[in-house]
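**Student:** Have a look at the structure that comes next, please.
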Amino acid sequence: MATIKSSFINMVMTLLAVCLISATILGFVQTLTKDAIEASKLKAQNDAIKAILPEFTELGASWKAVPAEGGDSLTFFPAYNASKELVGVAVKSYTKSGFSGLIEIMVGFKPDGEISGYQVLEHKETPGLGSKMQAWFSNSEKPKQSIIGKNPDTTDMHVSKDGGEVDAITASTISSRAFLEAIRRAYESFKTGIPATENQPATAAEQVSEGGES
């Protein structure tokens, strides 16, 4: 009986030691990779901004604004030319209405509100369907699909099935509706006020804070 009790205690102690060592290793690995992951996200964000905006010289201070309907804040990145004039604003927007939940996008607007480009930053939509968002809505050969060069003030950014002017991705209407929701959310906050020059402070009605992306 004493032998059985001793063996049980040894097993418990061994299990606790294994758990402790595993937790320590996982914590160490997380610490090592955290900075790399953050750096990767920042690079992807900066690459997206460069890809979707007209040519610019520098970015101004970013700011965050809460959409009029509430919810999570959006982040704005104003871009200026060598004369310190605004050439465009990149807006990090989102929707939680995707078929699989959250979709994050970066959409670029020219000062007059025309969409200059977009990048899908994150999504969990069905591969081969919802994942077509990046190509579908920027296809210049399909003007009824593409949102590039269009202004949400003059183009109804809803899918045609819902009475809008944008054709949904084939067999992926839910993802298409969600994507366009994120575009509309970005535009509605964008048009509330933007800095005309680099030295003019942000004037978004629901401004929360200025500074770099947190």
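**Student:** Kindly provide the set of residues from region 61-72 that are crowded, with 18+ Cβ neighbours inside 10 Å and either free of Cβ contacts under 8 Å to residues at least 24 places away in the same chain or not aliphatic (A, V, I, L, M) (or both), ordered by number. Spell out how you get there, then give the answer.
**Tutor:** The initial filter retains those residues of region 61-72 that are crowded, with 18+ Cβ neighbours inside 10 Å, namely 62-65, 67.
Answer for region 61-72, where residues must be crowded, with 18+ Cβ neighbours inside 10 Å and either free of Cβ contacts under 8 Å to residues at least 24 places away in the same chain or not aliphatic (A, V, I, L, M) (or both): S62, W63, K64, P67.
**Student:** Out of the residues in region 79-104 that are of a type in the set (G, A, S) and surrounded by 18 or more Cβ atoms within 10 Å (Cβ to Cβ), state the one that is modelled with the lowest pLDDT.
**Tutor:** The extreme case among them is G98.
**Student:** Specify which of the listed residues (S138, S131, S116) is surrounded by fewer than 21 Cβ atoms within 10 Å (Cβ to Cβ), within 19 Å of the chain's Cα centre (by Cα), over 14 Å from A182 (Cβ atoms) and in contact (Cβ under 8 Å) with a residue 24 or more places away in the chain.
**Tutor:** Every option except S116 fails the conditions.
**Student:** Tell me the residue from T203, T173, T197 that is at pLDDT below 95, of a type in the set (S, T, Y), under 21 Å from the mean Cα position of the chain (by Cα) and surrounded by fewer than 18 Cβ atoms within 10 Å (Cβ to Cβ), please.
**Tutor:** Just a single option satisfies the conditions, and that option is T173.
**Student:** Name the residue, out of G101, G108, G60, that is of a type outside the set (K, R) and at positive phi.
**Tutor:** Every option except G101 fails the conditions.
**Student:** Which number in (1) at pLDDT below 95; (2) surrounded by 14 or more Cβ atoms within 10 Å (Cβ to Cβ) marks the one condition that V107 misses?
**Tutor:** Going through (1) at pLDDT below 95; (2) surrounded by 14 or more Cβ atoms within 10 Å (Cβ to Cβ) one by one, V107 breaks only (1).
**Student:** Now for a different question. Somewhere in region 44-60, is a residue of a type in the set (S, T, N, Q), at pLDDT below 90, in contact with a Leu (Cβ under 9 Å, 6 or more places away or on another chain) and surrounded by 10 or more Cβ atoms within 10 Å (Cβ to Cβ)?
**Tutor:** Within region 44-60 (the criterion being of a type in the set (S, T, N, Q), at pLDDT below 90, in contact with a Leu (Cβ under 9 Å, 6 or more places away or on another chain) and surrounded by 10 or more Cβ atoms within 10 Å (Cβ to Cβ)), the answer is yes, since at least one residue qualifies.
**Student:** So, in region 153-164, how many residues would count as being of a type outside the set (D, E, K, R), more than 19 Å from the chain's Cα centre (by Cα), outside any helix (DSSP H, G or I) and surrounded by 13 or more Cβ atoms within 10 Å (Cβ to Cβ)? Quick ask: steps written out before the conclusion?
**Tutor:** Filtering region 153-164 for residues of a type outside the set (D, E, K, R) gives 154-155, 157-160, 163-164.
With more than 19 Å from the chain's Cα centre (by Cα) added as a condition, the list becomes 154-155, 158-160, 163-164.
Next, only the ones that are outside any helix (DSSP H, G or I) stay: 154-155, 158-159, 163-164.
Add one more test, that the residue is surrounded by 13 or more Cβ atoms within 10 Å (Cβ to Cβ), and what stays is 155, 158-159, 164.
Final tally of qualifying residues: 4.
The values are calculated or read from the model by the stated rules, or taken from the named source; none is laboratory data. Since we're looking at a predicted model, the values are computed, not measured. A quick note on method: Cβ atoms are made from the backbone with ideal geometry, for glycine too, and the neighbour counts reach across all protein chains shown.
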